[in-house]
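One structure is given below, encoded as structure tokens.
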Amino acid sequence: MERVYLDYASTTPVDGRVVEAMLPYFTERYGNPTSFYSFGQEAKQAVEEARAKVAELINASPEEIIFTSGGTEACNLAIKGFALKNKKRGKHILVSKIEHFAVLEACRWLAERGFEVSYLDVDEYGFVSPETLEGAIREDTILAIVNHANNEIGTIEPIAELAEVAQDRGVAFFSDACISNGSVEIDVARLGVDLLALSAHKMYGPKGVGALYVAKGTRLEALLHGGGQERKLRSGTENVPGIVGFGRAAEIAKKEMRSEAKRLRKLRDELIREVLRIPRTRLNGHPEKRLPGNANFAFAFIEGEGLILELDFEGISASTGSACSSPTLEPSHVLTAIGLSHAEAHGSLRVTLGRFSTREDVKRLLEVLPRVVKRLRDISPFKESFEDYVEGTEWKGGEHRHV
Amino acid sequence: MYSKILIDHFRNPRNMGRMENPDGVGKVGNPACGDVMYIYIKVGKNDRGEEIIEDIKFETFGCAAAIGTSSMVTELAKGKTLEEAEKISKDDVAEAVGGLPPIKMHCSLLASDGLKAAIADYRKKKAGKGDAAEG
């Protein structure tokens, strides 16, 4: 059976051109960039070339790019590194409710160590409004955090406006752009952010490499200590093949982004239009201000884990915000933040398209999905509303716990 | 992560659907938690005059484990006396589906609870009717 991958927001295949660029750095140019002899210097040069390419993609200066082991480390370095370095100015951090766990957990870590974290509400589409941010800033606020785009529902945030509000109040601004980088244009000069997290494996580069943009003048405490690589902000021998791959991926994205985004938007809009023909289905996120390849739906009265399994039996890979498929058995915090009830959030499906997605892939999903939704709804006791049977029902198992 | 037996019951659920005029209904779970199970039973008598589960059906909102264990519990209970059926435990259900990932064990609890709730509902209705007849 031909497999159809529709989970590009989870990770992407590495582009063949990227693999090609990386290969020599495993077996031939394997030097340590710190070494002074030629093996080291050619590796160092490769790292610096990659840095320039990543910087160019987001309109930064090369010296503002710190390579990390991935998006999670970039987020941790941004948040903990900034908070620890700047705690004398204040200990209050603002963060949106719909961040990736790499951001939320780093904030929680700080909250357990004397920092105070406040959570910014989002509207029904997932937007953080400048007014919400403005109203939440206090005298002791040092950092505000809002993702550039949301990885589940694809909503692209008004980062330039939000960062301006923060800047006016002397608050630094960090945005996690792991999911959007390479797929929509990001210009740090125009956005006015102080810190921006990037990841290679969401943009056809390898796993295990990411970067943090650190605007000139923004001071961070290092989290990893050692040989002092990456301007002493990230010690450890550079992942040279990974960084080279990231650079190549950035170069390709810069060149192809515009036409690719146009192609994906068209494909995505066709997909959304067709899927919404299924009764009692809603689109999560904004109809237009969303990532080109992202579609997120909620199907009433069914649960997403079964949906994902059924699709997988048909060779289709996609993801869900259902609690039953998460290790914590909690439904997606993003879907509940935009106002879905827990029951509704269970029936969500995220379909994310990317560089190698074709119209055939979408067609295949559209062939299978209505049938699968119908089958699961046939099994479900809920046909018209979740309240159908609540009335007059003795809800047993109230003590029922997910253990 | 799931056994072949469970996947089979998820993909080809036995005794699935709503029952018209059931003798007892068990409704357990909560939509907010992501699993709700309805178990419907029809009660008859065997050769020895004992009450048995003559027919049983289920409807489930939930994950593959919840659907698969619902299907399994209906198979385990069908034809059993009410006393035997009541004794079906969550471990019996989990074992019958070939084991469950630890995080999904609560699904087998829900299935056995659903069956017990359906039997309890039947007994309650019967007692109610008895009272009415006597009254």
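The values are calculated or read from the model by the stated rules, or taken from the named source; none is laboratory data. This one's a predicted model, so the numbers in the text were calculated from it and none came from an experiment. All Cβ positions, glycine included, derive from the backbone under ideal geometry; neighbour counts span all protein chains shown.
Listed by first and then second residue, the pairs linking a residue in the stretch A:76-92 that is in contact (Cβ under 8 Å) with a residue 60 or more places away in the chain to a residue that is assigned to a helix (DSSP H, G or I) and β-branched (Val, Ile, Thr), with Cβ atoms under 7 Å apart and 6 or more places separating them unless they lie on different chains, are A:79/A:103. Residues in the stretch B:1-59 that are acidic (Asp, Glu) and within 13 Å of chain A (Cβ to nearest Cβ) were compared, and the one that is nearest to residue B:72 (Cα to Cα) is B:8.
Would you point out which residue out of A:71, A:31, A:40, A:90 is within 20 Å of the chain's Cα centre (by Cα) and among the small types (Gly, Ala, Ser)? Break it down stepwise before answering.
Values: A:31 fails: within 20 Å of the chain's Cα centre (by Cα); A:40 fails: within 20 Å of the chain's Cα centre (by Cα); A:90 fails: within 20 Å of the chain's Cα centre (by Cα).
None of the other options fit; the residue is A:71.
Among the residues of the stretch A:229-240, is any closer than 21 Å to residue A:13 by Cβ, not in a loop (DSSP other than H, G, I, E, B) and not hydrophobic (A, V, I, L, M, F, W, C)? Within the stretch A:229-240, none of the residues are closer than 21 Å to residue A:13 by Cβ, not in a loop (DSSP other than H, G, I, E, B) and not hydrophobic (A, V, I, L, M, F, W, C). For the stretch A:276-284, check the following and say yes or no: at least one residue is within 12 Å of another protein chain (Cβ to nearest Cβ) and free of Cβ contacts under 8 Å to residues at least 40 places away in the same chain. The answer is no; no qualifying residue exists. Among the residues of the stretch A:28-42, those identified as of a type in the set (Ser, Thr, Tyr) and more than 14 Å from residue A:244 (Cα to Cα) are A:34, A:35, A:37, A:38.
Consider residue A:273 carefully, then state whether it is outside the structural domain of residue A:78 (by TED's automatic domain parsing) and not in a helix (DSSP H, G or I). When the stated conditions are applied, residue A:273 does not pass them.
Hey, could you check the stretch A:315-346 for residues that are free of Cβ contacts under 8 Å to residues at least 12 places away in the same chain and polar (S, T, N, Q) and say which is surrounded by the most Cβ atoms within 10 Å (Cβ to Cβ)? Taking the candidates together, the pick is A:336.
Residue-level analysis places residue A:127 outside the set of residues that are in contact (Cβ under 8 Å) with a residue 60 or more places away in the chain and outside any loop (DSSP other than H, G, I, E, B). Select from the stretch A:305-319 the residues that are more than 10 Å from chain B (Cβ to nearest Cβ) and hydrophobic (A, V, I, L, M, F, W, C) and write down the one among them that is farthest from residue A:343 (Cα to Cα). Here the answer is A:316. Looking across the stretch A:174-203, just one residue is on the phi > 0 side of the Ramachandran plot and either acidic (Asp, Glu) or under 14 Å from the mean Cα position of the chain (by Cα) (or both), and that is A:182. Summed over the stretch A:320-361, residues that are within 14 Å of chain B (Cβ to nearest Cβ) and either assigned to a helix (DSSP H, G or I) or hydroxyl-bearing (Ser, Thr, Tyr) (or both) total 16.
From B:80, B:57, B:45, grab the single residue that is basic (Lys, Arg) and under 21 Å from residue B:11 (Cα atoms). Please lay out each step first, then the result.
On the way: B:80 fails: under 21 Å from residue B:11 (Cα atoms); B:45 fails: under 21 Å from residue B:11 (Cα atoms).
That would be B:57, the only listed residue that is basic (Lys, Arg) and under 21 Å from residue B:11 (Cα atoms).
Of the set (1) at pLDDT below 95; (2) out of contact with any Leu (no Cβ under 6 Å at 6 or more places or on another chain); (3) within 28 Å of residue A:386 (Cα to Cα), all apply to residue B:1 but (3).
Considering only residues in the stretch A:273-314 that are exposed (fewer than 15 other Cβ atoms within 10 Å of the Cβ) and over 25 Å from the mean Cα position of the chain (by Cα), the one that is nearest to residue B:12 (Cα to Cα) turns out to be A:313.
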